[in-house]
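K.L.:
Handing you a structure now.
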Amino acid sequence: MKPESSFPVAVYLAVAAAVSLVAVVSMRETKGSSLHELDRIDDARRAEAERVADRV
């Protein structure tokens with residue numbers, strides 16, 4: 001492969017696009033949801049994870 005080849009750039013862009021697609025598809029919909037409520041749920045999950053980590 002020649003150093004001037006654009007193939008490595010094309011592969012990098014394809015991988016980046018695939019990662020972005022997976023991220024977008026795996027996101028939850030938040031339309032109609034209270035973002036404050038989602039923050040409270042996240043805080044509760046984080047606190048529980050910290051309690052579990054402290055036990056180990």
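K.L.:
Residues of segment 29-44 being open to solvent by less than 60 Å² (accessible area, probe 1.4 Å) and charged (D, E, K, R), which ones?
P.N.:
42
K.L.:
Follow-up. Could you figure out which of (1) open to solvent by 100 Å² or more (accessible area, probe 1.4 Å); (2) β-branched (Val, Ile, Thr); (3) within 23 Å of the chain's Cα centre (by Cα) isn't true of residue 56?
P.N.:
(3)
K.L.:
Sticking with this one: Please determine whether any residue of segment 15-28 is over 16 Å from the mean Cα position of the chain (by Cα) and either among the aliphatic types (A, V, I, L, M) or surrounded by 10 or more Cβ atoms within 10 Å (Cβ to Cβ) (or both).
P.N.:
Of segment 15-28, the ones over 16 Å from the mean Cα position of the chain (by Cα) are none.
The answer is no, given that none of the residues of segment 15-28 is over 16 Å from the mean Cα position of the chain (by Cα) and either among the aliphatic types (A, V, I, L, M) or surrounded by 10 or more Cβ atoms within 10 Å (Cβ to Cβ) (or both).
The values are calculated or read from the model by the stated rules, or taken from the named source; none is laboratory data. Treat the numbers as computed from the prediction; the structure is a model and nothing was measured. Note: ideal-geometry Cβ built from the backbone for every residue, glycine included; neighbour counts use all protein chains shown. These accessible areas exclude ligands, DNA and RNA; they are computed on the full protein's heavy atoms, side chains included. Shrake-Rupley method; radii C 1.70, N 1.55, O 1.52, S 1.80 Å.
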